[in-house]
Amino acid sequence: MLDSQANVKPALFKKSIQRPALILNADYRPLSYFPLSLWPWQEAIKAVYLERVNVAAEYEEVVRSEKLTLPLPSVIVLKNYVVPTKTVPFTRATLFLRDEFTCQYCGYKGKDLTFDHVVPKSRGGKTRWDNVVAACQSCNLRKAAKTTSQAGFKLKKAPTKPSSEVLLNKGKKFPPSDMHKSWIDFLYFEKDFD
């Protein structure tokens, strides 16, 4: 049970307040930057209790049971090193990250992007790294089932399969908006934090 006063429901249980733990590999690097490697507080507490992780930073809240009181971890470090995967899954998130959340036709930057087949599926185009790009909805509708030249479009850059290292570095350009102050010492984003 969480620490509370006068049987008031603790703030931690309110949906708007979450206390995820930043997960660092045994070398003190995040497992991923985008999405940022996080565990819900419940998983973090379980890992601490089972001694699978070391705690590097804590929140002010504590978790209590009948026999135990544990500070809520905000940064945890895995005791065993996890070898980073070398393969990059083809997903919307990794595609948008590869293209840095930028329409590859007009340069619009935003999170409300869609994706477009450079060679349309109706013309034999495949859904794979070298044929799909991030596109704003306007460009995607204008291009429709045409080739880029038929639509009068020019790609900002040719689509290619990114390496995991390239995506890791690109992820550093997009820090989360709800980052806890205890995480800053363990993360390296291309943005300064006050």
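Points to keep in mind about this one:
- Residue check, residue 133 among the aliphatic types (A, V, I, L, M), surrounded by 13 or more Cβ atoms within 10 Å (Cβ to Cβ) and more than 29 Å from residue 188 (Cα to Cα): no
- One residue alone among 68, 78, 72 is within 22 Å of residue 37 (Cβ to Cβ) and out of contact with any Asp or Glu (no Cβ under 9 Å at 6 or more places or on another chain), and that residue is 78.
- Residue match in segment 155-164 (condition: within 16 Å of residue 23 (Cα to Cα) and either modelled with pLDDT under 95 or aromatic (Phe, Trp, Tyr) (or both)): no
- Subset of segment 32-51 (residues that are of a type in the set (A, V, I, L, M, F, W, C), assigned to a loop (DSSP other than H, G, I, E, B) and either at positive phi or crowded, with 16+ Cβ neighbours inside 10 Å (or both)): 34
- Here residue 160 fulfils each of the conditions (1) part of a helix (DSSP H, G or I); (2) under 24 Å from residue 33 (Cβ atoms); (3) more than 19 Å from the chain's Cα centre (by Cα); (4) among the hydroxyl-bearing types (Ser, Thr, Tyr) apart from (1).
- Of 49, 81, 108, 33, all but one fail to be closer than 26 Å to residue 161 by Cα and either among the aliphatic types (A, V, I, L, M) or more than 19 Å from the chain's Cα centre (by Cα) (or both); the exception is 108.
- Applying the criterion of being touching a strand residue (DSSP E or B) at 6+ places or on another chain (Cβ under 7 Å) and either in contact (Cβ under 8 Å) with a residue 60 or more places away in the chain or in a helix (DSSP H, G or I) (or both) to the residues of segment 52-68, the residue that is nearest to residue 29 (Cα to Cα) is 56.
The values are calculated or read from the model by the stated rules, or taken from the named source; none is laboratory data. Note that the structure is a prediction, hence the values are computed from the model and not measured. Neighbour counts are summed over all protein chains in view; Cβ atoms, including those assigned to glycine, are modelled from backbone coordinates with ideal geometry.
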